[in-house]
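Read-outs: derived from the displayed coordinates by stated rules, not from any lab. Not measured: the values here are computed from a predicted model. Here the Cβ positions follow ideal geometry from the backbone for every residue, glycine too, while neighbour counts run over all protein chains shown.
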Amino acid sequence: MLTVSLLTSLGFMLIGYENGLMGGLVNAPALKDTFNNPSANMIGTVVAFFEIGCFLGAMTNAFVGGKLGRRKSVGIAAVISLIGALLQATTFGRAHLIVGRIVSGIGLALDPRLWYHHRVLDRLCFRESHSELSWRVPTTLQCVIIFAILILSFMIPGMPRWLAAHDRPEECLAVLARIKGSTGLSNPEVQRLHTVITETVAYENSRQARWKEIVRSDSIKSRRRFLIACGIQIFRQREGITAIILQRTVSKYCNGPLANNTHMASLMSGFLQTWFFVASFIPWFLIDRIGRRPMLLSMISVMAAVMAVQAALIYQVHFDTSMAKSAGIAAAAMLFIFQGAFTIGFLATV
């Protein structure tokens, strides 16, 4: 269990590192010098190609992930991510960088353990440097995480469900016993879980379900479940958390003491990420007592309310009214409330 937990944690760390890396480096002087001061459109294109790679990887995993199993999928994803990271770190041209971004996206999406954003390192240490090391070092550092994932992929057991689906019931039973911390395979709880899994797999195999069944209106409301799942994921990408946690957003919101103060804005961004980490522990104590649905609905309500308050506060800042300074500070505080609600709601339940 410790190995699986460590592997999962490293996987989420890599997701956040990859997602946040380029967002923090695009304005670095050294990166602009290397690529001859690319336009905003070109920077946006380079960053977006990572998402294209993620789409390709996710589609590939949908078709081959079940055949490969989680162990092989994680190992292959780590190798591809390692290649992508090295391509990005050694690039001297835009096309080279785009290829590296696509490869990294494919590797990341192939990993079935799909936030944890590491956007502070480059700002605090390398942001104003004109040396190429200022962006090559952060890009290369992700290889440490990827290599650890690759090593751990050889140490984790197979998924019980996957083992049962591939006619390996004995191994499935052994893995369940390890998960439950049982020394014997005859443990009643282990046997019950094994029976449930094998019966479920047998039922699914007997039905020979097809992809089109997920959009059918049947007794288990497959279409409704599918549309809700897709809708939540779409809204999850559009609720504003990515823009909220950027340093330039913090700097823009915080008028007065933080206005035009890059160092203080960087510190505020670091505090925000630290709060992100601390808040991620809160759901540990709530999710089993309250339930996923109440937590999600209550926290997205808080997020909506915060956004409404932010609109009023930012209006004061933007038009430099008499209360602009106080409004800027309040707007910065709202960022912490929003991020806490996001962590407890969306991050823990979706």
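With only alpha-carbon atoms counted, please give the Rg and Dmax of region 183-223, in Å.
15.0, 45
Modelled label-to-label distance, residue 302 and residue 55, 7 Å Cα→beta-carbon offset: nm?
Label at residue 302, label at residue 55, 3.4 nm between them.
Exposure proxy check: 140, 34 ranked by fewest other beta carbons within 10 Å?
Sorted ascending by nearby Cβ count, the order is 140, 34.
So how much slack lies between residue 222 and residue 321, counting 0.36 nm per residue of separation and subtracting their Cα-Cα distance, in nm?
30.4 nm
7 Å from Cα along Cα→Cβ at both residue 215 and residue 3: what's the point-to-point distance in nm?
Taking the two extended label points, one gets 4.2 nm.
Between residue 288 and residue 33, take the C-beta separation as r, use R0 = 56 Å, and let me know the FRET efficiency to the nearest 0.05.
0.60
Please list, or write none, the lysines whose alpha carbon is within less than 24 Å of the alpha carbon of residue 67, excluding same-chain residues fewer than 8 places away.
212
Equivalent-ellipsoid semi-axes (√(5λ), Cα gyration tensor) for region 261-350, whole Å, largest first?
For region 261-350, the ellipsoid semi-axes come out as 28, 16, 7 Å.
What Kirkwood radius, in Å to one decimal, follows from the Cα pairs of region 160-208? Please list the in-between numbers first.
Values: mean 1/r = 0.0932 Å⁻¹.
Hydrodynamic radius (Kirkwood, Cα only) of region 160-208 equals 10.7 Å.
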